[in-house]
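As structure tokens, the structure follows; a few thoughts come after it.
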Amino acid sequence: MDSAGDKAAAEKPDADKRVQLGKIVGLFGVDGWVKLESYTEPRVRIFKYLPWFLKTQAGEIQVTQVQGRAHGKGLVALLPQVEDRDAAQAWIGAEISVQRSALPRAKRGEYYWTDLEGLDVFTVDGIALGKVSHLFSTGANDVIVVREGGRERLIPFVLNQFVWEVNLDSARITVDWDPDF
């Protein structure tokens, strides 16, 4: 499973939905370059998905071309019409999103996190556990955060061990999980 860039649901996701692929986290040099945090795997793949929608507190713009590259342990990019450090400063904190339709189709059994968020989660015995709030990675595996009212469950996203079925058409995940845990 991948947070953004490589793996998608085999079923029909909402093509108009926006998927956040990263954010602008700092400045690089004096010529308007910015530092990026990428949620894609590998991280440089963020440059393959266009157009970008850059969202700040001031609003949102669409960017159809981006010059970018890996630099050390990070990524740097030059946005169109950003020609100096002062202009680049305004973009720090901007979220980088693309339309869901810009992402590649998934292989069978692989899912974008965004396609799992909001799905209902049931045990193999049919007991409702809540909805997927979000996911995160532990390094060893991904974890789905399931919320119901004030209760939160953290369930490892390990297929055929804890997660038995993901059905995007019925918006449902079936898990082998103790409802009291």
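Here are some notes:
- In the stretch 140-169, the residues that are within 18 Å of I127 (Cα to Cα) form Cβ pairs under 6 Å with partners that are surrounded by 11 or more Cβ atoms within 10 Å (Cβ to Cβ) and of a type in the set (S, T, Y), at six or more places apart or across chains, as follows: V145/S133; R147/S133; W164/T174; E165/T174.
- Restricting V25, V30, V66, V34 to residues that are in contact with a Lys or Arg (Cβ under 6 Å, 6 or more places away or on another chain) and either within 13 Å of W91 (Cβ to Cβ) or crowded, with 17+ Cβ neighbours inside 10 Å (or both) narrows the list to V25.
- Residue that is modelled with the highest pLDDT, among those in the stretch 62-105 that are of a type in the set (S, T, Y) and either under 21 Å from G29 (Cα atoms) or not in a loop (DSSP other than H, G, I, E, B) (or both): S97
- Taken over the stretch 138-170, residues that are under 19 Å from the mean Cα position of the chain (by Cα) and of a type in the set (S, T, Y) amount to 1.
- Test: residue in the stretch 112-125 that is touching a Phe, Trp or Tyr at 6+ places or on another chain (Cβ under 6 Å), within 23 Å of K17 (Cβ to Cβ) and in contact (Cβ under 8 Å) with a residue 40 or more places away in the chain: no
- Matching residues, the stretch 106-137, being under 15 Å from the mean Cα position of the chain (by Cα) and more than 13 Å from V163 (Cβ to Cβ): A106, Y112, W113, T114, D115, E117, G118, S133, H134, F136, S137
- Meets criteria (within 21 Å of the chain's Cα centre (by Cα) and part of a strand (DSSP E or B)) for V44: no
- On the stretch given as the stretch 138-155, residues that are within 23 Å of Q20 (Cβ to Cβ) and surrounded by 15 or more Cβ atoms within 10 Å (Cβ to Cβ) total 7.
- Boolean, G93 is in contact (Cβ under 8 Å) with a residue 24 or more places away in the chain, surrounded by fewer than 14 Cβ atoms within 10 Å (Cβ to Cβ) and out of contact with any Phe, Trp or Tyr (no Cβ under 6 Å at 6 or more places or on another chain): yes
- Enumerated strands (runs of 3 or more DSSP E) restricted to the stretch 123-181, each holding at least 3 residues that are over 19 Å from Y112 (Cβ atoms), outside the structural domain of Y39 (by TED's automatic domain parsing) and not polar (S, T, N, Q): 128-137, 151-157
- All told, A140 meets the bar of being among the aliphatic types (A, V, I, L, M) and modelled with pLDDT under 95.
The values are calculated or read from the model by the stated rules, or taken from the named source; none is laboratory data. Here the structure is a predicted model, which is why all the values come from computation and not from measurement. Please note: Cβ atoms are built from the backbone with ideal geometry, for glycine as well, and neighbour counts cover all protein chains shown.
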